[in-house]
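Visitor: Below you'll find the structure I mean.
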Amino acid sequence: MLLLFETPGGFALFKVLDEGKLSKVEDLGKEFSSPDSARKVVKLKAFSKFENTAEALEAATKIIESSTSKGLRKFLRANCDGETLGVADSKLGNAIKDKLKIECVHNNAVMELMRGVRSQLTELISGLATQDLAPMSLGLSHSLSRYKLKFSPDKVDTMIIQAIGLLDDLDKELNTYAMRVREWYGWHFPELAKIIQDNILYAKAVKLMGCRDNAAKLDLSEILPEEVEAELKEAAMISMGSDVSDVDLMNIKELCDQVLSLAEYRAQLYDYLKSRMNTIAPNLTALVGELVGARLIAHGGSLLNLAKQPGSTIQILGAEKALFRALKTKHATPKYGLLYHASLVGQAPPKLKGKISRSLAAKSALAIRYDALGDAQDDSMGLENRLKLEARLRNLEGKELGRSAGSAKGKPKIEAYDKDRKKGAGGLITPAKTYNPSADAVLGRTPDSTARKFEVEPAKEAPASGEEKKEKKKKKRAEEETTVPGDRNGTAEQDGEGEAKKEKKKKKKHQAENDGVQNEAENVEEGGKKKKKRKHSEAEQDEESEMPSKKKEKKKKKKSGD
């Protein structure tokens, strides 16, 4: 009986010397307590060494999958002739029996033999030391783990996380340095900031020009267009900036060198990030772009962690503060986070951004899982999904146009108007105050009557004499008679009745006005009489008070005369 044993260095075949001991399974462990006793039970017959790590990995994966590799089949054919073979896996034994027609055994005795051989492996196989076996085991285990996890050193997303973080930091630093150059050189040439808007071109122009007096002599056509160059030279002749020393210009030029070197390094870093994204996540890059995809991976921690997230989480990734604030205040939750910067969401109109971001998040979740766990390295799935999303966007835009212009049947869609409901939202708003036209209606009045009203009001304010009032009344009656239509043909009786009614109404009005005027006059006269009576009574009281005083004086005179 032979025993097949797998080691990190190769396959080993052991010959069982005493098969009678296999009947006592409980005592087999004691037989391998020492190397000498182990050599009495089994003996090495043949050994097949692995040529390299790739061959070892292939053989190990085949055994894990319960199949035989090409090298194992050759080894068994050469050394197993008409003997039974003890194996550690029953499925592997069945595969060997089917392909090589070798009888295989898998039972408790074989497993005990395997444990014993493993404990005395270095003693049973000459030339295989413990210090050599440990590194081989470690290397094979790492290779096997990478293979099982579909891991590749080219798919390390840590580099993407670091690169996108550095790119954002470079953008901030570059912007700060460029603004410092503008502010510093602006004391010498303030007009240049409005002429050149781009920060990199501004730094190049300042570095090449130096003092503004040199602008007329220099040729800036390599940096700037002809129109901008001409405008710059004209502004340099009439600039209002102050003069600066050579030391100041030297420091400004050094700062310009820093800006240009940072810009150059940023361009290199962006190219590196673009290549890494196309290698690690090609489908995600095809959907949302390099920068947005890299920020999603950095926000999720890794590509594998991002692959575990649903589409709804990817949709609002980057808007966590807004989400929890909305949940706390019971308002509407955000529709997009980092995906807002994707080109597909940017193309959509404002009303459709939410729908497109939701569809893009769902497709992005599929693309991320395919990139993280799939075997293919192409971007066909991402491009296909992008075409679908673009078609959906065109479809939604067409529906929106059809809804505004009319339905498919040619009839416009008419919605019930509710003045208290806000358009597009479900909340009620306070109704706006509407103009009430019935408040200024002039039914039953003619322009003449309104004019008469304005003529009568000042008369009430300043009461006139009786003669003036009578004259005004006569004038009004004459005007009213002239306004009465003179047609008495056909319906003379009806016109007469209508005129009689009008005259009666007018007479009643005039009588009421006359009564009011008479009452006013009477009130005025009564007031005058009351005033006279008061004066008369006061005079009488004075006279009465004077009378007793005069009588007393007369009595005193009489007494003195007597």
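Visitor: Out of the helices (runs of 4 or more DSSP H) lying entirely within the stretch 284-384, which hold 1 or more residues that are within 26 Å of Asp168 (Cα to Cα) and polar (S, T, N, Q)?
Guide: Hits in the stretch 284-384: 303-307, 311-315, 343-347, 353-373.
Visitor: Examine the stretch 221-241 for a residue that is open to solvent by 70 Å² or more (accessible area, probe 1.4 Å), touching a Lys or Arg at 6+ places or on another chain (Cβ under 6 Å) and modelled with pLDDT of 90 or more, and state whether such a residue exists.
Guide: No, every residue in the stretch 221-241 fails to be open to solvent by 70 Å² or more (accessible area, probe 1.4 Å), touching a Lys or Arg at 6+ places or on another chain (Cβ under 6 Å) and modelled with pLDDT of 90 or more.
Visitor: Taking only pairs six or more apart or across chains, which ones have beta-carbon atoms under 6 Å, a first residue in the stretch 209-227 that is within 22 Å of Gly241 (Cα to Cα), and a second residue that is of a type in the set (A, V, I, L, M) and exposed (fewer than 13 other Cβ atoms within 10 Å of the Cβ)?
Guide: none
Visitor: Quick one: which residue in Leu255, Leu352, Leu303, Leu338 is over 22 Å from the mean Cα position of the chain (by Cα) and either at pLDDT 90 or above or over 27 Å from Asp375 (Cβ atoms) (or both)?
Guide: Leu255
Visitor: When both residues are 6+ apart or on different chains and their Cβ atoms are under 9 Å apart, which pairs have a first residue that lies in the stretch 142-158 and is over 16 Å from Pro282 (Cα atoms) and of a type in the set (Lys, Arg), and a second that is modelled with pLDDT under 65 and open to solvent by 90 Å² or more (accessible area, probe 1.4 Å)?
Guide: Filtered contacts from the stretch 142-158: Arg146/Pro153.
Visitor: While we're here: Only one of Ser23, Ser48, Ser37 is without any contact (Cβ under 8 Å) to a residue 60 or more places away in the chain and either loosely packed, with under 15 Cβ neighbours inside 10 Å or within 60 Å of the chain's Cα centre (by Cα) (or both); which?
Guide: The match here is Ser37.
Visitor: Right, another one. Does Ile238 satisfy the criteria of being over 29 Å from Tyr370 (Cβ atoms), in the same structural domain as Ala205 (by the TED database) and free of Cβ contacts under 8 Å to residues at least 60 places away in the same chain?
Guide: yes
Visitor: Output yes when any residue across the stretch 58-70 is in contact with an Asp or Glu (Cβ under 7 Å, 6 or more places away or on another chain), small (Gly, Ala, Ser) and within 28 Å of Arg146 (Cα to Cα), and no when none is.
Guide: Yes, that holds for at least one residue.
Visitor: Any residue in the stretch 305-327 that's assigned by the TED database to the domain that holds Ala294: show its pairings with residues that are crowded, with 16+ Cβ neighbours inside 10 Å and of a type in the set (S, T, N, Q) at Cβ separation under 6 Å, as long as the two are six or more apart or on different chains.
Guide: Ile314/Ser364; Gln315/Ser357
Visitor: Exactly one condition in (1) at pLDDT below 85; (2) over 21 Å from Leu133 (Cβ atoms); (3) not β-branched (Val, Ile, Thr) is false for Leu57; which is it?
Guide: Result: Leu57 passes all but (2).
Visitor: Taking only the stretch 10-20 into account, find how many residues are modelled with pLDDT under 85 and either under 23 Å from Asn94 (Cα atoms) or surrounded by 14 or more Cβ atoms within 10 Å (Cβ to Cβ) (or both).
Guide: Qualifying residue count for the region: 1.
Visitor: State all residues of the stretch 41-77 that are farther than 21 Å from Leu113 by Cβ, among the hydroxyl-bearing types (Ser, Thr, Tyr) and either touching a Phe, Trp or Tyr at 6+ places or on another chain (Cβ under 9 Å) or not assigned by the TED database to the domain that holds Lys24 (or both); if no residue qualifies, say none.
Guide: Scanning the stretch 41-77 gives a single hit, Thr61.
The values are calculated or read from the model by the stated rules, or taken from the named source; none is laboratory data. The structure displayed is predicted, hence computed values, not measured ones. Backbone-built Cβ (ideal geometry, glycine too); neighbour counts: all protein chains shown. Remember, those area values only see protein heavy atoms, side chains included, never the ligands or the DNA or RNA. Shrake-Rupley method; radii C 1.70, N 1.55, O 1.52, S 1.80 Å.
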